[in-house]
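Comments concern the structure below.
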Amino acid sequence: MRLTTKGRFAVTAMIDLALRQGNGPVTLSAISERQEISLSYLEQLFGKLRRHQIVESVRGPGGGYNLARKAADVSVADIIIAVDEPLDATQCGGKENCHSVTHPGGSRCMTHDLWSTLNEKMVEYLDSVSLQDLVNQQHNKEQKQPEHRTLGTEQSVVVMHRPHAAV
């Protein structure tokens, strides 16, 4: 399972937008510049987010986008699903025809239930993380970083190892 650029960019742009709520509408060009995301790509993403009533647009001079509801009421799953990001670790897309994707009568692979359960856990987790949680996380990072560092330069990767049983 891989979260593609579409999902990552949508979440990143929504954090940027939520960080600036209360200062009037936020332009996509400003988000594009700060986050280094193509403006035309953001326009596509925000069209989908608007149709799912996650953001609302303000037309005219000084226009841009605002959150359509409180950041605490928007989950990461809401954002990813709104931009049509598939959250599926199964090979068959949930159709249970893993061994023969081109034939509807194909059989399930032996690990289908494993990947299907992973899908449920991913959606459950992403649904438990609100946009407000991510905004709070950014505020905490900003408070800990010295003034001369720029946002987003820190990388964190979690590597998990299990001790191997003695043979």
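The values are calculated or read from the model by the stated rules, or taken from the named source; none is laboratory data. Here the structure is a predicted model, which means the values were calculated and not measured. All Cβ positions, even for glycine, are placed from backbone atoms using ideal geometry, and neighbour counts span all protein chains on display. These area figures cover heavy atoms from the full protein model, side chains too; ligands, DNA and RNA do not enter into them. Shrake-Rupley method; radii C 1.70, N 1.55, O 1.52, S 1.80 Å.
Assorted remarks:
- Residue selected from segment 72-90 under the condition among the β-branched types (V, I, T) and out of contact with any strand residue (DSSP E or B) (no Cβ under 8 Å at 6 or more places or on another chain), by the criterion modelled with the highest pLDDT: I79
- Scoring W115 on the criteria (1) of a type in the set (F, W, Y); (2) at pLDDT 85 or above; (3) open to solvent by 50 Å² or more (accessible area, probe 1.4 Å) leaves a single failure, condition (2).
- Subset of segment 8-25 that is open to solvent by 10 Å² or more (accessible area, probe 1.4 Å) and touching a Phe, Trp or Tyr at 6+ places or on another chain (Cβ under 7 Å) - its residue that is nearest to D84 (Cα to Cα): F9
- Residue, farthest from L17 (Cα to Cα), within segment 62-77, restricted to residues that are in contact with a helix residue (DSSP H, G or I) (Cβ under 8 Å, 6 or more places away or on another chain) and open to solvent by 50 Å² or more (accessible area, probe 1.4 Å): A72
- Counting residues in segment 54-77 that are within 14 Å of the chain's Cα centre (by Cα) and among the polar types (S, T, N, Q) gives one or more.
- Test: residue in segment 35-50 that is over 15 Å from the mean Cα position of the chain (by Cα) and aromatic (F, W, Y): no
- 1 or more residues more than 27 Å from V123 (Cα to Cα): qualifying helices (runs of 4 or more DSSP H) within segment 1-57: 28-35, 39-51
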